[in-house]
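**Student:** First, the structure itself, so that you have it in front of you.
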Amino acid sequence: MKKLSARRRHPLAALVVLLLALAATGGLYAAFAPADKAQADVAAQSLAIDEGKRLFAVGCSSCHGINGQGSSEGPSLVGVGSAAVDFQVGTGRMPAQQPGAQVPRKPKIYTQGEIDQLAAYISSLGPGPIAPKPEQYNSTNPDDISKGGELFRTNCAQCHNFAGQGGALTKGKYAPSLEGVDAKHIYEAMQTGPQNMPSFPDSTMPEEQKKQIVAFVRHTTNDEPNPGGLTLGSLGPVTEGLFGWIFGLGTLIAVAIWVAAHTTKAKKS
Amino acid sequence: MSSASSTTTGAAKPSSTRANPANKWEAAADWTDGRLGIYSLAKANLRKIFPDHWSFMLGEICLYTFVIIILTGVYLTLFFKPSMAEVVYNGSYVPLKGIGMSEAYASTVDISFEIRGGLLIRQIHHWAALVFVAAMLVHMMRVFFTGAFRKPREINWVFGFLLLVLGMFDGFFGYSLPDDLLSGTGIRFMEGAILAVPLVGTYIQMFLFGGEFPGHDIVPRFFTIHVLLIPGIMLGLLVAHLILVFYHKHTQWAGPGKTEKNVVGMPLMPVYMAKAGGFFFLVFGIIAAISAIATINPIWAYGPYRPDQVSTDAQPDWYMGFSEGLIRVMPGWEISLWGHTLNLGVFIPLMIFPLVLVAIAVYPFIEGWITGDKREHHILDRPRNAPVRTALGAAWISLYLVLLIGGGNDLFATHFHLSLNSITYFVRTGFFVVPVITFIVTKRWCLGLQRRDKEKVLHGRETGVIKRLPHGEYVEVHAQLPQKDLHTLTAHEQNQPIELPAQADENGVARKAGALTRTRAKLSRGFYGEGSQIPKPTAEEHHEITSGHGHH
Amino acid sequence: MSHDMSEDKLPEPHGSAGEVADHGNPFADPGLPAHEPRRTDIDERAAKRAERQVSLMFVISMIATIGFIASYVAIDPDRIVYIFPLGHVSALNFALGLTLGVALFMIGAGAVHWARTLMSDVEMPSERHPIEASDEVRNDVIEQFKTGAAESGFGRRKMIRNTLIGSMALVPLSGVVLLRDLGPLPEKKLQETGWREATPAKPLALVNMSTMQPMKPEDLVVGSLTFAMPEGLTTHDEDFQQRIAKDALMLVRIAPEDIKDDKSKDLGFEGILAYSKICTHVGCPISLYEQQTHHALCPCHQSTFDLADGARVIFGPAGHPLPQLKITTDDKGNLVATGDFEKPVGPSFWERAR
């Protein structure tokens, strides 16, 4: 201890402490950051199949196999349907960029036309859920919002949070936020169950109910005002507590400092 | 009471002997004094001295937010219906149209959307509650780290502690009332926790809920507890707390002219009436403004409670967060004994929860016993001058923070891209390790600051002026501190560890100290022994250095 | 400073107030510093300015209160406005909160500014007296108490004392007895669920909570998640909340070769497994189902169950697996239950047999 005390004031001490702290932070992050390998999944349908096949051979086959049969890097796409392709490629999840606990949403790199061709090709490999048409997911009935809300709270809120903000799953996986997600993609996710999300096929959740859920999600994440002011992320009491401490108590203490401080004297002593 | 003499001796006379009042205000005061004795009361208090320091106003934040909560709470009771009868919502909030819900939930949605200003009052009530508990905790920490809990204030410390605990629970009951999806999940947790109590758990659960969860009684029952029972007790404790603050007079920081036998500051009338009275309006104004700009507890978005529905991010308000952390990181232990089940995964956290709180509550008595100090203390300790106490307090806070991280592990996972499981493992380890590390670091830090103070006293303040000496050496000029600073920096006491009684008495008969005495002496050495304080500079040392020459 | 436990209740720091600096001791208390005037104390113009500032704050408060009343009267509660950076907020809430906030804040700010600039800021000491009474008072009080106690005869007349203690100890029991009707006794309530009405002869169908219709096995595809309740229960039933708090089911379909637990496989039907949706930890509806790992996570406390392995607890604070309901199909091909869960659902309790 004596030795340590003596060297505390060494010019390099601060640098050493800084390096140690950085190494510790980085090390801790590396230790805790989820590094599990992605279990990318995916999908397929019929027209311009050849065009789709060509695109597939260039962009997808290295993981999913030259005929979509799957490999150690990616699952088989036989029978995943066009809905899965449209969702995975349309939300930019596919092609996957780097291994991680989960393949994240990112800007898409294919045009919708190319996605449709890919979907056509994959659909040709085996039957699967078909990408929906706008009338299937665009609701016009205002009652759909509240009905969808109830369905959402039963089937979806446990992972995606009451306001569709997403939430944590095990070992670094997560249910993504639904903010800014296209209605079509929400619908397709329910149809196909991408990655770790379970599917909600039409046999257990009919089209009409999917449309209601989409209506609720779109309303909540887009149109719904926040009457009380800042939503603080719609994450529940954790962010409220943080806000209360920093801006509530913080402001009050700042004011208390002003109240209790001595007024400046006329002549500085 | 002083006027009592005039009234009793004047029994034969029809009127008081007091001189005629100068105006009608004085007359009114005389009238009141004749009945309530206000002059004697005011004599002691009107010009009562309060010291100025921002940290002495933390308690006022608690008091004022409590008043705000009561005012807004009364307003809310005018519209809230504490009933679990089912109604179908048909108000203006579209996403709930046609949904079945309890009257409690429907009336809270109506307060938010149909009653003008109802949303604002709800938000003020809830924000004030969050700040109330936060301010109580910070106030308690201020008292802790400055040693203001020492004799004669230990009982007031306990009153304050009880207020904190009651405030936490009243907040939890209030959070449970609207019967939304989040609050219902909280009540469900409470049910599970009660069921984990061995032997009587199921009975308590049935009696509390009036049958099986959730039943139709829990909201009305919590309502009574939330608006009447707990606030009533709190009000009583609050009054007692304030009476004791007045009676003991406020503590003060060391400084020129400040002693254990006086209190230096400005009088209640007028300065503190204006400052403290004004501060109430400042607090209320700030909370109102926050309620205008930030949503709290958007119950309309949560939806009505149904036991088969849930939203992720299911957390209690922050003050219950550390207990949430305990519950979340506890391994799932469960033991079966003769056909009975003991759910340790819930029961152990349920037992640690009060222990965490009680640990801080009993600290003044433990410190008093270890140090054997029986004197009154009115001059505050600077935290650095009580390194062991400060380190213990910091360790407690670090434990609290680790548990808060545990309570929010899912949000830490999503927002820092970490694994939920790793955070839980970290908290499990951190629960034991972090307080120890914090203790060691804080203690060393305090000692470092003591060394710096000592250096400042002996060598003066660094002026930043660099001088070149004739032989070429560069030195920084140090300036002697003025005497008031020297006094302030050396005003603290340095206690010595208590000594064990001599091992042999005067007759040479061996006398062994009991285990308790020996523990106490050991702990006392830990508090005040060699490694726990830097000896204060003495006048001789100071003299030697200042009279020496060429020193800088 | 030696630490002696003397009777002196108020430790004397070296040097006391007002004492003129002692030349031998550089650390002695120099006494309260002399008061130094503020600008407003010596400059009448500055004082006048401060007065105007204080009054201005009070006037702003008045205007804000008028604004509050005007907002209350004029603004429609449904009106939504866009305010940066808050977003689309209720115009009424924002206006009321801000005007109320300003009205209150300005009263406070005015009062504090007044105190800080115009009221005397001379610091003065006030004497403290020890809280403890003098020995004289102490002895006097103890004497009085002894006299009173002796006069009451409390110690002498033991019969009175004992019967008084007895009656005081008994009387609170009335209050305790009165609490009995708070609720029923637990009996077997927590041990059974609404599914107990199902029998092999008269099975109960599993009703899909989205469609409110019975389901056929082929409706559930591998990787899907469905929630179910017993047939006959409706959301508007008086006791719906109590029933669903125990009866709710989570149905998953796992490829039979992935199911590791044979007993679980037998309780299910062709890989369709019906688990209680209520967590065995403290009762949250656990349903964060990861269809690739077959793990179900509880959103409240992160207990994780492996649904492919009999809902074994693999992480978190839950103490035992989720109970599984035995399911089969009836003559119409619908999924049905033929009995109750084998184990009580929901959180553990003392009377629960493992």
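The values are calculated or read from the model by the stated rules, or taken from the named source; none is laboratory data. This is a predicted model, so every value here is computed, not measured. When we count neighbours, we look across all protein chains shown, and the Cβ atoms used for this are built from the backbone with ideal geometry, even at glycine.
**Student:** Take C:G268 and decide whether it is at positive phi, in the same structural domain as C:R196 (by TED's automatic domain parsing) and out of contact with any strand residue (DSSP E or B) (no Cβ under 6 Å at 6 or more places or on another chain). Spell out how you get there, then give the answer.
**Tutor:** Working: at positive phi: no; in the same structural domain as C:R196 (by TED's automatic domain parsing): yes; out of contact with any strand residue (DSSP E or B) (no Cβ under 6 Å at 6 or more places or on another chain): yes.
Against the criterion (at positive phi, in the same structural domain as C:R196 (by TED's automatic domain parsing) and out of contact with any strand residue (DSSP E or B) (no Cβ under 6 Å at 6 or more places or on another chain)), C:G268 does not qualify.
**Student:** Counting residues that are more than 9 Å from every other protein chain (Cβ to nearest Cβ) and within 25 Å of A:G236 (Cβ to Cβ), which helices (runs of 4 or more DSSP H) fully inside segment B:175-241 reach at least 1? Walk me through it before giving the result.
**Tutor:** On the way: elements: B:181-195, B:201-209, B:218-224.
It comes to B:181-195, B:218-224.
**Student:** Of the numbered conditions (1) without any contact (Cβ under 8 Å) to a residue 40 or more places away in the chain; (2) more than 9 Å from chain B (Cβ to nearest Cβ); (3) of a type outside the set (V, I, T), C:Q241 satisfies every one except a single condition; which is it?
**Tutor:** C:Q241 satisfies all of (1) without any contact (Cβ under 8 Å) to a residue 40 or more places away in the chain; (2) more than 9 Å from chain B (Cβ to nearest Cβ); (3) of a type outside the set (V, I, T) except (2).
**Student:** Taking the criterion of being out of contact with any Ser or Thr (no Cβ under 7 Å at 6 or more places or on another chain), within 15 Å of B:I124 (Cα to Cα), modelled with pLDDT of 90 or more and within 7 Å of another protein chain (Cβ to nearest Cβ), would at least one residue in segment A:219-228 satisfy it? Explain how you work it out, then say what you get.
**Tutor:** Within segment A:219-228, the subset out of contact with any Ser or Thr (no Cβ under 7 Å at 6 or more places or on another chain) is A:219-225.
With the extra rule that they be within 15 Å of B:I124 (Cα to Cα), the set shrinks to none.
No, the conditions are met nowhere in segment A:219-228.
**Student:** Another question, then. Considering only segment B:101-116, state which residues are part of a loop (DSSP other than H, G, I, E, B) and either surrounded by fewer than 17 Cβ atoms within 10 Å (Cβ to Cβ) or among the aromatic types (F, W, Y) (or both).
**Tutor:** Within segment B:101-116, the first condition is being part of a loop (DSSP other than H, G, I, E, B), and the residues that meet it are B:114-116.
Result: B:E114, B:R116.
**Student:** Taking into account only those residues within segment B:357-377 that are within 14 Å of another protein chain (Cβ to nearest Cβ) and touching a Leu at 6+ places or on another chain (Cβ under 8 Å), which is farthest from B:F527 (Cα to Cα)?
**Tutor:** B:E376
**Student:** Need the failing condition index for B:V165 against (1) under 20 Å from B:Q315 (Cα atoms); (2) buried (at least 20 other Cβ atoms within 10 Å of the Cβ); (3) among the aliphatic types (A, V, I, L, M), just the number.
**Tutor:** Result: B:V165 passes all but (2).
**Student:** Another question about this same structure. Among (1) out of contact with any Pro (no Cβ under 7 Å at 6 or more places or on another chain); (2) over 21 Å from A:F247 (Cβ atoms), where does B:L120 come up short?
**Tutor:** (2)
**Student:** Same structure again: Among the residues of segment C:76-107, which ones are more than 26 Å from A:S234 (Cα to Cα) and either in contact with a Leu (Cβ under 7 Å, 6 or more places away or on another chain) or in a strand (DSSP E or B) (or both)?
**Tutor:** Matches in segment C:76-107: C:F105 only.
**Student:** So, one more: Does any residue of segment B:406-416 turn out to be assigned to a loop (DSSP other than H, G, I, E, B) and touching a helix residue (DSSP H, G or I) at 6+ places or on another chain (Cβ under 6 Å)? Walk me through it before giving the result.
**Tutor:** Quick first cut of segment B:406-416, residues assigned to a loop (DSSP other than H, G, I, E, B) only: B:408, B:416.
From what is left, the residues that are touching a helix residue (DSSP H, G or I) at 6+ places or on another chain (Cβ under 6 Å) are B:408.
Yes, there is a match, as at least one residue in segment B:406-416 is assigned to a loop (DSSP other than H, G, I, E, B) and touching a helix residue (DSSP H, G or I) at 6+ places or on another chain (Cβ under 6 Å).
**Student:** Out of segment B:256-284, which residues are within 7 Å of another protein chain (Cβ to nearest Cβ) and of a type in the set (G, A, S)?
**Tutor:** Of everything in segment B:256-284, those that are within 7 Å of another protein chain (Cβ to nearest Cβ) and of a type in the set (G, A, S) turn out to be B:G257, B:G265, B:A274, B:G277, B:G278.
**Student:** Go through segment B:210-266 and report how many residues are on the phi > 0 side of the Ramachandran plot and under 20 Å from the mean Cα position of the chain (by Cα).
**Tutor:** 1
**Student:** State whether the residues of segment B:139-155 include one that is of a type in the set (K, R) and within 14 Å of chain A (Cβ to nearest Cβ). I'd like the intermediate steps shown before the answer.
**Tutor:** From segment B:139-155, those of a type in the set (K, R) are B:142, B:150-151, B:153; that's our starting set.
Next cut, within 14 Å of chain A (Cβ to nearest Cβ) only: B:142.
For segment B:139-155, residues of a type in the set (K, R) and within 14 Å of chain A (Cβ to nearest Cβ): present.
**Student:** Output the number of residues of segment C:179-211 satisfying the condition of being away from chain B (no Cβ under 12 Å), farther than 30 Å from A:P201 by Cβ and of a type in the set (A, V, I, L, M, F, W, C).
**Tutor:** 1
**Student:** Are any residues in segment B:64-99 among the basic types (K, R) and away from every other protein chain (no Cβ under 14 Å), and if so, which ones? Even if it seems obvious, please write down each step before you answer.
**Tutor:** We begin by selecting, within segment B:64-99, every residue among the basic types (K, R); these are B:81, B:97.
Scanning segment B:64-99 gives a single hit, B:K81.
**Student:** Being more than 18 Å from B:T146 (Cβ to Cβ) and more than 10 Å from chain C (Cβ to nearest Cβ): is that true of B:T429 here? Steps first, answer last, please.
**Tutor:** Details: more than 18 Å from B:T146 (Cβ to Cβ): yes; more than 10 Å from chain C (Cβ to nearest Cβ): yes.
Yes, satisfied.
**Student:** Condition first: surrounded by 12 or more Cβ atoms within 10 Å (Cβ to Cβ), at the interface with chain B (Cβ under 7 Å from one of its Cβ atoms) and not polar (S, T, N, Q). Now tell me which residues in segment C:121-136 satisfy that.
**Tutor:** If the condition is that a residue be surrounded by 12 or more Cβ atoms within 10 Å (Cβ to Cβ), at the interface with chain B (Cβ under 7 Å from one of its Cβ atoms) and not polar (S, T, N, Q), then C:D121, C:E123, C:M124, C:P125, C:R128, C:P130, C:I131 are the ones that fit.
To keep it simple, each residue is scored yes or no on (1) hydrophobic (A, V, I, L, M, F, W, C); (2) farther than 30 Å from B:G184 by Cβ.
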site: B:V219; (1), (2): yes, no
site: B:H241; (1), (2): no, yes
site: B:K249; (1), (2): no, yes
site: B:T259; (1), (2): no, yes
site: B:V263; (1), (2): yes, yes
site: B:M266; (1), (2): yes, yes
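Rundown of residues vs (1) assigned to a helix (DSSP H, G or I); (2) surrounded by fewer than 20 Cβ atoms within 10 Å (Cβ to Cβ), yes/no style:
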{"site": "B:F353", "(1), (2)": "yes, yes"}
{"site": "B:V358", "(1), (2)": "yes, yes"}
{"site": "B:K374", "(1), (2)": "no, yes"}
{"site": "B:R384", "(1), (2)": "yes, no"}
{"site": "B:R389", "(1), (2)": "yes, no"}
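**Student:** If I filter segment B:475-490 down to residues being surrounded by fewer than 17 Cβ atoms within 10 Å (Cβ to Cβ) and among the aliphatic types (A, V, I, L, M), which single residue comes out as farthest from B:K456 (Cα to Cα)?
**Tutor:** So, considering only residues that are surrounded by fewer than 17 Cβ atoms within 10 Å (Cβ to Cβ) and among the aliphatic types (A, V, I, L, M), the one farthest from B:K456 (Cα to Cα) is B:V475.
**Student:** Something else now. Only one residue in B:L130, B:L119 is buried (at least 24 other Cβ atoms within 10 Å of the Cβ), without any contact (Cβ under 8 Å) to a residue 60 or more places away in the chain, assigned to a helix (DSSP H, G or I) and within 11 Å of chain A (Cβ to nearest Cβ), so which one is that? Can you show your working first?
**Tutor:** Details: B:L130 fails: without any contact (Cβ under 8 Å) to a residue 60 or more places away in the chain.
Result of the check over B:L130, B:L119: B:L119.
**Student:** So which residues in segment C:69-104 are facing chain B (nearest Cβ under 9 Å) and under 30 Å from the mean Cα position of the chain (by Cα), if there are any at all?
**Tutor:** C:L86, C:V89, C:S90, C:L92, C:N93, C:F94, C:L96, C:G97, C:L98, C:L100, C:G101, C:L104
**Student:** Which of the helices (runs of 4 or more DSSP H) found entirely inside segment A:89-196 contain at least 2 residues meeting this: closer than 30 Å to A:E51 by Cβ?
**Tutor:** Working: elements: A:112-125, A:134-137, A:143-155, A:157-160, A:183-192.
Qualifying helices (runs of 4 or more DSSP H): A:112-125, A:134-137, A:183-192.
**Student:** If the requirement is being of a type outside the set (A, V, I, L, M, F, W, C) and touching a His at 6+ places or on another chain (Cβ under 7 Å), which of these qualifies: B:T251, B:T224? If you could, list the steps in order and put the result at the bottom.
**Tutor:** On the way: B:T224 fails: touching a His at 6+ places or on another chain (Cβ under 7 Å).
Only one candidate passes the filter, namely B:T251.
**Student:** Looking only at segment B:314-343, count every residue that is modelled with pLDDT of 90 or more and outside any helix (DSSP H, G or I) and tell me the total. Working first, answer last.
**Tutor:** Going residue by residue through segment B:314-343, those that are modelled with pLDDT of 90 or more are B:314-335, B:340-343.
From what's left, outside any helix (DSSP H, G or I): B:314-317, B:330-335, B:340-343.
Residues in segment B:314-343 being modelled with pLDDT of 90 or more and outside any helix (DSSP H, G or I): 14 in total.
**Student:** Looking at segment A:115-130, is at least one residue facing chain B (nearest Cβ under 10 Å) and surrounded by fewer than 18 Cβ atoms within 10 Å (Cβ to Cβ)? Can you show your working first?
**Tutor:** To start, the set of residues in segment A:115-130 that are facing chain B (nearest Cβ under 10 Å) comprises none.
No, the conditions are met nowhere in segment A:115-130.
**Student:** Another one. Scan A:I213, A:I186, A:I246 and give me the residue that is closer than 15 Å to B:P95 by Cβ, more than 9 Å from every other protein chain (Cβ to nearest Cβ) and β-branched (V, I, T).
**Tutor:** Details: A:I186 fails: closer than 15 Å to B:P95 by Cβ; A:I246 fails: closer than 15 Å to B:P95 by Cβ.
Of the residues listed, the single one that is closer than 15 Å to B:P95 by Cβ, more than 9 Å from every other protein chain (Cβ to nearest Cβ) and β-branched (V, I, T) is A:I213.
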